[in-house]
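Since the structure comes first, as structure tokens, the remarks are kept for the end.
The values are calculated or read from the model by the stated rules, or taken from the named source; none is laboratory data. What you see is a predicted model; the values in this text were computed from it and never measured. Glycine gets a Cβ as well: all are built from the backbone with ideal geometry, and neighbour counts include every protein chain shown. Protein only, heavy atoms only, side chains kept; ligands, DNA and RNA dropped before computing areas. Shrake-Rupley method; radii C 1.70, N 1.55, O 1.52, S 1.80 Å.
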Amino acid sequence: MELVEREQALAALISGLASAADGEGRVALLAGEAGIGKSALASRFAAAHRDTADVLWGACDALFTPRPLGPLRDIALHMQGALLTALEADRDRHHLFSLFLRGLRERKRPAIVVFEDVHWADEATLDLIKFLGRRIAAVRALVILTYRDDELDPRHPLRSVLGDLPPETTLRIPLQPLSEQSVMSLARNAGRTNEAARLHAATGGNPFYVTEVLANEGAGVPATVRDAVLARTARLSPSARETLDVASLSPGGIEPWIVEACTGCGAAGLDECVSRGMLRLVRGNYVFRHELARLAVLDALSPLRRRELHRAVLQALRSRPASPEMLARLVHHAEAADDHEAILEYAPAAGHHAASMGAHREAVAHFAGALRYADAIPPRDRALLLAAHAHESYATGDMESSISARRRAAKIWRELGEPLMEGDNLCRMMGSLISAGRDREAEEVSRAALEILEPLAPGPQLAFAYRTQAAQRMLQRDYAQAIQWGEKAVAMAERFNDQETLVSAYNIFGCSLIQSDEERGCEYLEKSLALALDGGQQHLVFMAYANAGSACGEYYRFELADRYLAPGIAYTTERDYDHGRLYMMSLQALSHLYQGRWNAAADTALAVLDAPGRTSISHMATLVALGRLRTRRGDPGAMEALDKALELAEPTGSLQRIGPVRAARAEAAWLAGDAATTISEARAAYPLALAKSHPWFIGELAYWQWKAGALDAPPELAAAPFRLQMQRACAQAAAAWEARNCPYEAARALAEAEDESSLKRALRGFDHLGARPAADRVRQQLRELGLRSIPRGPRSSTRTNAFQLTSRELEVIALLAQGLTNAEIAARLYRSAKTVDHHVSSVLSKLSVSTREAAVAAATAQGLLPK
């Protein structure tokens with residue numbers, strides 16, 4: 001069928017390919033409902049440009065659990081060479097992605113890369129899309145992603161991937177149904193003009209539906225797509241219809257030898273299906289012309305007939321060796337055939353293969369499928385299956401499922417009398433509990449593991465238990481105990497050559513010593529990092545960078561923290577390790593805030609909130625940064641962010657989590673003029689800070705009580721800058737803050753002086769930062785001193801060079817200009833409404849306006865909106 005009403009879409013694709021040919025790659029999102037013509041448009045476009053560009057085509061499967069990296073495998077099979085070899089060798093995901101990217105970069109011609117039906121994509125393929133999207137700007141390739149946008153519910157994993165694509169290199173091409181005029185034209189060409197109006201009303205302008213009806217001469221207009229497809233299949237011979245039934249069971253296409261094994265019809269049935277336009281031959285497999293047609297045929301089968309055919313296909317597949325890429329198909333047919341024995345045989349293997357490819361969600365699904373029937377396998381095998389499910393659940397960020405599986409596994413190991421396995425399992429549960437913000441339970445689990453393992457002969461499991469207890473003590477800020485447990489872990493790790501425990505223990509030493517002996521602390525942190533990098537274990541490298549950055553930041557050594565966070569973020573970004581990247585970005589947002597880089601703090605915090613898969617602890621730190629920034633700028637939404645942060649922090653019982661939140665809330669209350677709340681917020685965490693002898697938390701929480709009149713003198717353990725402020729040594733306190741590159745704190749110290757010179761310096765500092773509430777207080781102080789010539793602060797016209805809107809914010813302001821609501825913007829950008837609220841607030845703040853209309857006007861005046 002001719003393509004109609006697709007001129008604009010084709011023009012966008014042509015423009016994207018032209019950019020790619022010039023060395024500036026693009027990702028094109030071809031979206032629309034099933035049957036709208038996405039694949040037809042992509043095929044027509046690719047065919048038209050084969051003479052000038054290389055076409056690489058891969059498709060996602062509608063299997064119950066998709067095969068890992070399905071589109072990449074399709075492309076590799078077509079290309080042959082190093083990529084296929086690496087896939088068959090089950091090389092790690094980063095190597096595969098880099099190999100594919102290098103292949104695109106080394107091509108002599110630009111490439112058109114099509115990933116079809118990515119609404120069915122497995123997790124590894126979604127990660128590949130993210131990987132390519134973040135690097136496409138420097139690649140001579142146009143990557144076309146087709147998907148059904150009407151099937152993306154708010155929790156669909158594709159939504160977050162699409163929302164994460166850089167706006168400047170992404171083309172959004174939604175396809176709309178055909179107009180009544182176009183349907184009339186097609187009906188006229190088919191000689192059915194008198195049915196045109198009814199045809200458009202019945203089909204809603206869906207091109208596939210229209211085509212099916214027009215291909216079925218004299219049949220009128222069926223009520224549904226299914227009826228239209230089945231009207232065509234009714235004209236097939238019995239052998240062709242049986243062939244079609246078997247083919248409908250395999251979403252990604254079916255091999256002719258399987259059809260022969262299941263039907264005995266030979267080539268005749270397949271040839272008839274092809275000649276009648278029901279099937280087409282693609283790379284040796286027979287596939288339906290459209291997924292809607294396959295589903296119509298499949299749905300027409302009775303449950304009993306469908307199950308019998310799935311058993312036949314399963315039997316045929318089992319007659320040949322099961323390669324890794326076939327495992328997902330075997331599981332698909334085993335589940336549809338309700339063959340429990342086959343599920344238990346293939347699902348665990350499919351889960352391990354998916355995990356090795358980085359398709360963690362698919363691994364979880366396979367392991368969960370096997371666990372449904374795991375009562376039939378020996379308890380030890382069941383415990384190992386639960387451990388695999390727990391490990392992969394942790395990788396997907398589903399901490400509750402991971403914890404549940406670990407608890408079930410621990411019960412089995414206990415009943416089997418295998419204390420080594422029970423203790424090791426409990427140690428691994430601790431990480432999930434901490435990530436879930438359940439620190440108290442993590443403490444109980446860690447001690448239980450020690451009670452089980454210490455009476456046994458020493459081994460790697462005990463080294464791991466010592467390491468987890470050292471980590472727990474460090475996280476709870478019991479530094480002396482952390483060092484003691486770390487020393488035990490090192491001794492045991494060296495005895496059993498356990499490099500992973502050594503890396504962690506050295507990191508714990510560094511974090512624990514940084515407050516009392518910075519030089520030694522840094523030596524251990526560098527040693528831990530070097531070992532982790534040398535070992536190439538991604539998670540350990542992340543922990544080395546993140547713990548170092550966290551420890552330095554907590555002790556207001558932000559420049560030193562940046563030395564770890566910046567390369568750590570670069571390392572995790574390059575490897576698309578988003579869990580680690582987001583946590584370090586949350587710490588970086590705080591570092592930006594304290595060092596006066598407020599726009600960078602806002603952008604970083606919003607990027608974390610924008611991202612899927614952030615953990616509870618990443619969310620907490622980000623909300624503290626955002627809440628504190630809004631408080632200091634006088635922007636709305638500060639307490640909303642800090643209320644959520646408190647909700648997340650309180651259950652942890654940890655000073656590391658609760659201290660920053662209570663301090664931020666105390667500051668917000670003070671700037672709001674609420675002394676009573678300032679005192680209550682500061683006192684809520686003060687006893688915990690004293691119990692942990694933490695000078696910086698003691699210092700800030702005491703400072704806010706002092707400001708509100710509840711303390712007369714600084715406590716002995718208070719950090720020097722806070723102690724100097726409480727002693728009214730304002731100039732020395734400001735100098736101490738300046739030495740730590742904390743300009744807001746330095747200005748705040750100067751504002752506590754009573755002389756004109758200090759107050760004017762404080763005002764300049766606050767005005768430079770955009771700290772309106774604090775600046776207003778200083779202006780009032782100057783007025784009370786009798787000054788009349790008081791600087792008014794920067795005018796809007798002098799702030800235009802500080803807009804620094806991010807690409808995402810430019811997208812938001814452009815959609816605001818179209819009159820869209822936040823909910824409509826969220827739907828357009830595949831983001832939550834809450835996240836868009838944050839972006840709009842950031843735009844208003846950066847543009848120094850208070851309404852959406854004023855923001856659009858300011859952006860227009862500055863030429864920020866597309867013409």
Item to complete: Enter the angle in degrees (range 0 to 90, nearest 10) between the Cα long axis of helix 499-513 and the first principal axis of the Cα atoms of the chain, meaning the one along which they spread out most.
Response: 30
Worksheet item: Once you put a point 7 Å from the Cα of residue 47 and another 7 Å from the Cα of residue 647, both along the Cβ direction, what distance in nm separates them?
Response: 5.4
Discussion item. Suppose the chain between residue 307 and residue 320 were pulled fully straight at 0.36 nm per residue; how much longer would it get relative to their current alpha carbon spacing?
Written reply: 2.6 nm
Worksheet item: Sorted by mean Cβ packing within 10 Å, highest first, what order do the peptides 67-80, 644-657 take?
Response: 67-80, 644-657
Item to complete: For the range 557-618 and the range 127-142, write down the distance between their C-alpha centroids in whole Å.
Response: 22
Worksheet entry | Cα shape, the range 677-767, gyration tensor, a/c 1.5 rule | prolate
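If I take R0 = 35 Å and measure r between the Cβ atoms of residue 447 and residue 519 in this structure, what FRET efficiency does the formula 1/(1 + (r/R0)^6) give, to the nearest 0.05?
Once the sixth-power term is evaluated, E becomes 0.60.
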Worksheet item: Whose amide H sits under 5 Å from the amide H of residue 55, counting only residues 5 or more places off or on another chain, with H placed in the peptide plane?
Response: 112
Practice prompt. Could you please state, rounded to a whole Å, how far the C-alpha centre of the range 62-116 is from the C-alpha centre of the range 333-370?
Written response: 22
Worksheet item: Arranged from highest to lowest average of other beta-carbon atoms within 10 Å per residue, in what order do the peptides 832-839, 507-514, 404-411, 817-824 appear?
Response: 507-514, 404-411, 832-839, 817-824
Discussion item. Can you work out the Karplus-derived ³J(HN,Hα) for every residue in the range 281-289? Use 6.51 cos²θ - 1.76 cosθ + 1.60 with θ = phi - 60°, whole Hz, and x for glycine or proline.
Written reply: 8, 10, 6, x, 10, 9, 10, 5, 5
Worksheet, complete the sentence: So residue 275 and residue 215, fully extended at 0.36 nm per residue minus their Cα-Cα distance, gain in nm 20.3 nm
Worksheet item: So for the pair residue 18, residue 411, with labels modelled 7 Å out along Cα→Cβ, what separation do we get in nm?
Response: 6.5
Item to complete: Compare the peptides 52-59, 425-432, 231-238 by average per-residue count of other Cβ atoms within 10 angstrom and give them in order, highest first.
Response: 425-432, 52-59, 231-238
Item to complete: List the residues whose amide H sits under 5 Å from the amide H of residue 282, counting only those 5 or more places along or on another chain, with H placed 1.01 Å from N in the peptide plane.
Response: 287
Practice prompt. Would you work out if the range 159-302 is rounded, prolate or oblate? Take a ≥ b ≥ c from the square roots of the eigenvalues of the alpha-carbon gyration tensor; rounded if a/c is under 1.5, else prolate when a/b is larger than b/c, oblate otherwise.
Written response: oblate
Discussion item. Using alpha carbons only, how many angstrom separate the centre of the range 426-465 from the centre of the range 184-259?
Written reply: 61
Practice prompt. Rank these by accessible area, largest first, 1.4 Å probe: 524, 703.
Written response: 524, 703
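Would you mind calculating the gained length between residue 538 and residue 573 on full extension (0.36 nm times residue separation, minus the Cα-Cα distance), in nm to one decimal?
11.5 nm
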Worksheet, complete the sentence: Computed over the chain: longest principal axis from alpha-carbon atoms vs helix 578-594 long axis, angle to nearest 10 degrees, is 30
